[in-house]
There are 2 protein chains.
Amino acid sequence: MTDTTPLDPRQLTAYLALKDVAALLEHAVEQQLKEDGGLTTPQFQILATLADAPDGRRRMTDLADGLVYSRSGLTYQAAQLEKAKLVTRASAEDDERSVIVTLTDAGRAVLFKVMPGHIEVVRRLFLTPLGDADIAAITDILGRVRAQMRSAPPRSAKPRRTTGSPPQRGERNNGR
Amino acid sequence: MTDTTPLDPRQLTAYLALKDVAALLEHAVEQQLKEDGGLTTPQFQILATLADAPDGRRRMTDLADGLVYSRSGLTYQAAQLEKAKLVTRASAEDDERSVIVTLTDAGRAVLFKVMPGHIEVVRRLFLTPLGDADIAAITDILGRVRAQMRSAPPRSAKPRRTTGSPPQRGERNNGR
DNA sequence: CCTACTTGCTTCGAGTTCGAAGCATGCTAC
DNA sequence: GTAGCATGCTTCGAACTCGAAGCAAGTAGG
């Protein structure tokens, strides 16, 4: 039986601080992206991921692996980006099922237009009060947490409802 | 990342680690709340905020101040919660405009049902790999960041829109 | 008490999200 | 080969989100 006694106040405080900072930062970034480039956060993430790739191209699946989002959401946003000419979609030659998304020049341009503001926000809100030691500490600690999350079992089999046992999907996502 | 302007790699890494951890944690919590109590994150936040209040009652406005959400979203979720009998709504006696939301016994029960799992998730994913010193470091560092965010100017004067200048709302806060 | 403004909440429409179901294509083993 | 399963993406419906507009109830000033 896992421990379910209440969290001690210090742990709780740390947890709340994390949530708080993440929420505020996310909100600010979202705002900035919309103002500077008419992008939503997911769209920005897609474009940025593409820009990282060798030729600005990636399969939908590979894109999905780097994002924290549902598959269908990705399809939707890819369609939006295509409509806006920031991206093209074409099926792969070696595998008809795969769709290759490619960053267009316009897409790259939007990204360039948006990046400075993005960096400015991150710096202003997040980095300003931090020294090198803080940065190192954050990276170390959160790095460990991240590793933990990726390895932790997905909150195990629930006895609960469903009569038969549906094959339990893998519980998804994320990588990066 | 295709950076056009710097953010040295270490800073970037720290930033990405934060986003990553926050996203993964949020996702896991969301999952847990749904499984254990059929709640969404916003609903849980509302119930938890109410549970904190003296008599389990709060005005809509006061609730809103503690959450990171739009006003209309709050109305929507309050309606959902009322439909599920976890909460009641009634207009205040002293001010007909105000709506007082009150936690019902059923609401409190759901909250109790859900809390252990919530705590278990936070502990398993977030706290496990952290020692006291780490907790203290996180709290200190993120606390400073949070203070910075709350004091930083809201990304400058985005000059006018149409007529008059809309008086800049307070910009988030959050609390609990 | 009228007019005009403010405050508190809800309604509305548009856009976005998710998970389940659908549909091809590709693969493997008999 | 070819049946049966796996893989990759899209479509679908329902739910949730936001900001703008709407509507009462309260507050001032004359």
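The numbers here are math on the coordinates, done by the rules we state, and not lab data. Predicted model only: the values in this text are computed from it and were never measured. Please note: Cβ atoms are built from the backbone with ideal geometry, for glycine as well, and neighbour counts cover all protein chains shown.
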**OP:** Would you mind computing, in nm to one decimal, how far apart the modelled labels at A:Asp95 and A:Asp8 are, each placed 7 Å from Cα along Cα→Cβ?
**Re:** 4.9 nm
Subject >> Cβ-based net charge around A:Asp134, under 9 Å, with every Lys or Arg adding one and every Asp or Glu removing one >> reply: -1
Original post:
Quick one: length gained pulling B:Leu16 to B:Asp62 fully straight, 0.36 nm per residue minus the C-alpha distance?
Top reply: 13.3 nm
Original post:
Arranged by the count of other C-beta atoms within 10 angstrom, fewest first, what order do B:Phe126, A:Phe112, A:Phe44 take?
Top reply: A:Phe112, A:Phe44, B:Phe126
Original post:
Once the Cα atoms of region B:25-65 are picked out, what are the Rg and Dmax in Å?
Top reply: 11.5, 31
Original post:
What FRET efficiency comes out for the pair B:Ala51/A:Asp140, r = Cβ-Cβ distance, R0 = 45 Å, nearest 0.05?
Top reply: 0.80
Subject >> Total formal charge among the other residues, if their Cβ is under 14 angstrom from that of A:Tyr76, Lys/Arg +1 and Asp/Glu -1 >> reply: +2
**OP:** Run through the other copies and list how far each one's label point is from that of B:Glu82, in nm with one decimal, shortest first; the point sits 7 Å from Cα along Cα-Cβ.
**Re:** 4.3
**OP:** Rank the residues A:Val99, B:Val145, B:Val121 as a footprinting-exposure proxy: fewest other Cβ atoms within 10 Å of their Cβ go first.
**Re:** A:Val99, B:Val121, B:Val145
Original post:
What are the nm distances, shortest first, from A:Thr5 to its equivalents in the other copies, labels at 7 Å along Cα→Cβ?
Top reply: 5.1
Subject >> Proxy reagent accessibility, fewest Cβ within 10 Å first, across B:Asp94, A:Asp105, A:Asp65 >> reply: B:Asp94, A:Asp105, A:Asp65
Original post:
Inter-copy label distances at A:Asp52, 7 Å along the Cα→beta-carbon direction, one decimal in nm, shortest first?
Top reply: 3.4
**OP:** Run down the lysines and flag those whose C-alpha is under 18 Å from the C-alpha of B:Lys19, throwing out any fewer than 8 positions away in its chain.
**Re:** A:Lys19
Original post:
What Kirkwood radius, in Å to one decimal, follows from the Cα pairs of region A:18-144?
Top reply: 16.0 Å
